[in-house]
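Asker: First the structure, then my questions, so here it is.
The values are calculated or read from the model by the stated rules, or taken from the named source; none is laboratory data. Because the structure is a prediction, the values reported are computed rather than measured. Cβ placement follows ideal geometry from the backbone for every residue including glycine, while neighbour counts extend to all protein chains displayed. Note: accessible area is taken over every heavy atom of the protein model, side chains too, but ligands, DNA and RNA are not part of it. Shrake-Rupley method; radii C 1.70, N 1.55, O 1.52, S 1.80 Å.
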Amino acid sequence: MEESKHVAVVDFGSQYTQLIVRRVRELGYFAKLYALEEFEEMGSPGAIVLSGGPKSTSEADAPDLDFAKLQAYGCPVLGVCYGMQLLNIKFGGTVKGSDRREYGPAALRPESCSGLYEGVSHESQVWMSHSDTVETLGKGAKVLASNQHGTPVSLKWEERFYGIQFHPEVTHSHEGLRILHNFLLTAEELQEFHIEDFKRAMVESIRETVGDKQVVCGVSGGVDSTVLAVLLHEAGVKMRAIFVDHGLLRKDEGEEVRSNFHRMGVEIETVECADRFLTALAGVEDPEKKREIIGGLFIDVFWDSVGNADLLAQGTLYPDVIESASNAKSKASKIKTHHNRVERILELQRQGKVLEPLAELFKDEVRELGLSLGIAKDIVGRHPFPGPGLAVRCPGAIEQKKLDIIRECDAIFIGKLKEHGWYDKVWQAYAALVPVKTVGVKGDERSYEWAISLRAVISEDAMTADWVELPYAILRETSHRILNDVAGINRVLYDVSTKPPASIEWE
Ligand code: XMP
């Protein structure tokens, strides 16, 4: 996609840097993320955002950039958190480091409700995550806003350099989007962003990269791989879509996936290999080890069934990349290994054999793309389902019996959500096994059985999530059905953990 007058976001390593890109796109402008090493080759951006980052500017190896080059770009610049401290130093000010990180909500009090703060309340909640604070102001700095203690948290230098201490990109900064928009309004002739343009650009780039090679892609029936397969189909490249039934799918899922692809006119090949996966996973308890095994076997299965395809396409999304932190561009720290990021795939990636056209997108953008590709609403609206499937919802060793229990409970729960009109209101819902036996009574008999945990969350991007206050009727009916119909379960729990600190899946 053409890069003139785009918004360039420079990555200093914050977990939320890509969110800035996404917010800018949400505001209707084309934005692109750059690693710090790419800073001098960003073309001619119409605006630049310097992201936050985990380092303190006072550390010896603190990331830095060439200020003369930044000035030479000649466009408005917004420094966020670390970016603001860096700008202040570049303008001759000083920054005070601290061992304590200020993390959480703070009050933002703008000096005036104009410019960057046009239309923003006199006092607004913003989200802070920093250890440095401004000590002395850089040359010509003007304080635009302070926090509840009177400390400057927003500065302006010269006519086009802005700094904000807080993170406008997270939803906890209530008017963050407006502030970001106000900044973008100071730029001239920014390039607009529409998902249709993105689609055209992706189709073109796929054609160019694939040429007359053969590309193989795995489909799971989930939104990401479905959109990927339809995109490859649309690009008209030589492809084979392989559906691996690894035995870790939900109830009746195989049939549903086949019928959905049939509806879309995309041919898929099914490989039944539940035994192979379950044998390899037998007795394995460590979550990272499970992921490694599943990821590795996936590739084996592909390569076994396709022979020697030239390229592997994956429906990896941005949050998957950032949480595995194996993206060469990212300085963020590792949370868990996504199945698309295991060593075998990284090796293929180093050989230039992996294609990930969706890697810059968030889930709801992929859904929008899916709709623009003509994929039916019910397919696009499916809840996310992790590649390693029920394995990450079955803590400890995986056994057929446990998987069967999860499938039954999950189907009951999802059925109830649909019946009560709640399926489309939640981001994701599922049942996970709690492999702890507790005592109960069934009939007149003592029971000693496992528990099942139900989880329903809302999320915008899967990087943070909140549990859903489902109506008691849904929980009561689900629990009643599970306790009556599913052998092996005598206790039903509802998971009320936010992410962070919990993650959405159990492993
Ligand atoms: P967590 O558990 O990391 O989940 O909070 C965030 C989102 O990602 C999904 N997820 C995965 N998806 N492969 C996938 O394709 C994986 O290995 C994987 N792990 C988690 C999860 O379902 C949620 O939507």
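Asker: Quick one: dipole size for region 352-507, taken about the Cα centre, charges +1 on Lys/Arg Cβ and -1 on Asp/Glu Cβ, in debye to the nearest 20.
Answerer: 420
Asker: What's the angle, to the nearest 10 degrees (0 to 90), between helix 195-210's Cα axis and the longest principal axis of the chain?
Answerer: Helix 195-210 sits roughly 70 degrees off the main axis of the chain.
Asker: Using +1 at the C-beta of Lys and Arg and -1 at the C-beta of Asp and Glu, which of PRO388, ASN260, LEU249 has the Cα lying farthest in the positive direction of the dipole of region 232-389?
Answerer: Among PRO388, ASN260, LEU249, the one farthest towards the positive end of the dipole of region 232-389 is PRO388.
Asker: Here is a further query. Using the beta-carbon distance between SER44 and HIS122 and R0 = 41 Å, what value does 1/(1 + (r/R0)^6) give for FRET efficiency, to the nearest 0.05?
Answerer: The calculated FRET efficiency here is 0.65.
Asker: What percent antiparallel are the DSSP beta bridges of the chain, to the nearest 5?
Answerer: That works out to approximately 50 percent antiparallel.
Asker: Kindly flag which residue pairs out of LYS32/LYS199; LYS402/LYS425; LYS377/LYS418; LYS238/LYS353 have an alpha-carbon separation exceeding 19 Å in this structure.
Answerer: LYS402/LYS425
Asker: Could I ask something else about it? If the label point is 7 Å along Cα→Cβ of THR151, which residues in region 102-139 have backbone nitrogen under 18 Å from it?
Answerer: 102-111, 124-138
Asker: Dipole of the chain (Lys/Arg Cβ +1, Asp/Glu Cβ -1, origin at the Cα centre): which of ALA229, ILE379, TYR103 lies farthest to the positive side?
Answerer: TYR103
Asker: Explain nothing, just the number: relative contact order of the chain, from Cα pairs under 8 Å at least 6 residues apart, as a whole percent.
Answerer: 11
Asker: So, with +1 on the Cβ of K and R and -1 on the Cβ of D and E, and no other charges, what is the size of the charge dipole of the chain about its Cα centre, to the nearest 20 debye?
Answerer: Result for the chain is approximately 800 debye, rounded to the nearest 20.
Asker: DSSP beta bridges in region 399-494, what fraction antiparallel, as a percent rounded to 5?
Answerer: 75
Asker: Quick one: with all protein chains in place, what share of the accessible area of the chain is carbon or sulfur, to the nearest percent (1.4 Å probe)?
Answerer: 49
Asker: Compare the peptides 410-416, 165-171 by average per-residue count of other Cβ atoms within 10 angstrom and give them in order, highest first.
Answerer: 165-171, 410-416
Asker: Rounded, prolate or oblate: which fits region 195-380, taking a ≥ b ≥ c as square roots of the Cα gyration tensor eigenvalues, rounded meaning a/c under 1.5, else prolate when a/b beats b/c?
Answerer: Rounded.
Asker: Moving on to the next point. If I stretch the segment between THR279 and ILE458 completely, what's the gain in nm (0.36 nm per residue apart, minus their alpha carbon distance), one decimal?
Answerer: 61.0 nm
Asker: Ok, one more. Which value, to two decimals, describes the C-alpha radius of gyration of the chain once divided by 2.2 N^0.38 Å?
Answerer: Computed over Cα atoms of the chain, the ratio equals 1.06.
Asker: Would you mind classifying region 268-324 by shape? Square roots of the alpha carbon gyration tensor eigenvalues, ordered a ≥ b ≥ c; an a/c under 1.5 is rounded, otherwise it is prolate if a/b is larger than b/c and oblate if not.
Answerer: Cα axes put region 268-324 in the oblate bin.
Asker: Per DSSP helix of 4 or more residues, -39500 (n - 2.57); summed, then divided by the residues of the chain. What does that give at 222 nm, rounded to the nearest 500?
Answerer: Computed ellipticity for the chain at 222 nm equals -10000 deg cm²/dmol.
Asker: Moving on. Can you tally the net charge around ALA68? Count Lys and Arg as +1, Asp and Glu as -1, for every other residue whose Cβ sits under 11 Å from the Cβ of ALA68.
Answerer: After counting each charged neighbour, the total is 0.
Asker: Also, quick follow-up: Over region 195-380, what is the mean sequence separation of C-alpha contacts under 8 Å (at least six apart), divided by residue count, expressed as relative contact order in percent?
Answerer: Taking the mean separation of contacting Cα pairs over the length of region 195-380, I get 27 percent.
Asker: How much length would be gained if the chain were fully extended between TYR448 and ARG100, taking 0.36 nm per residue of separation minus their Cα-Cα distance, in nm to one decimal?
Answerer: Contour length minus Cα-Cα distance gives 120.5 nm.
Asker: Related question: Have a look at ALA60, SER154, TYR34 and report the one farthest towards the positive end of the charge dipole of region 7-184, computed about the Cα centre with Cβ charges (Lys/Arg +1, Asp/Glu -1).
Answerer: Checked the options; the winner is SER154.
Asker: Taking the Cα centre of region 338-414 as origin, sum charge times position over the Cβ atoms of Lys and Arg (+1) and Asp and Glu (-1), and report the length of that vector in debye to the nearest 20.
Answerer: 180
Asker: What number results when the radius of gyration of region 7-184, computed over Cα atoms, is divided by 2.2 N^0.38 Å?
Answerer: So the Cα radius of gyration is 0.93 times the expected 2.2 N^0.38 Å.
Asker: Quote to one decimal, in nm, the extra length available between GLU192 and LYS213 on full extension: 0.36 nm per residue of separation minus the C-alpha distance between them.
Answerer: 4.3 nm
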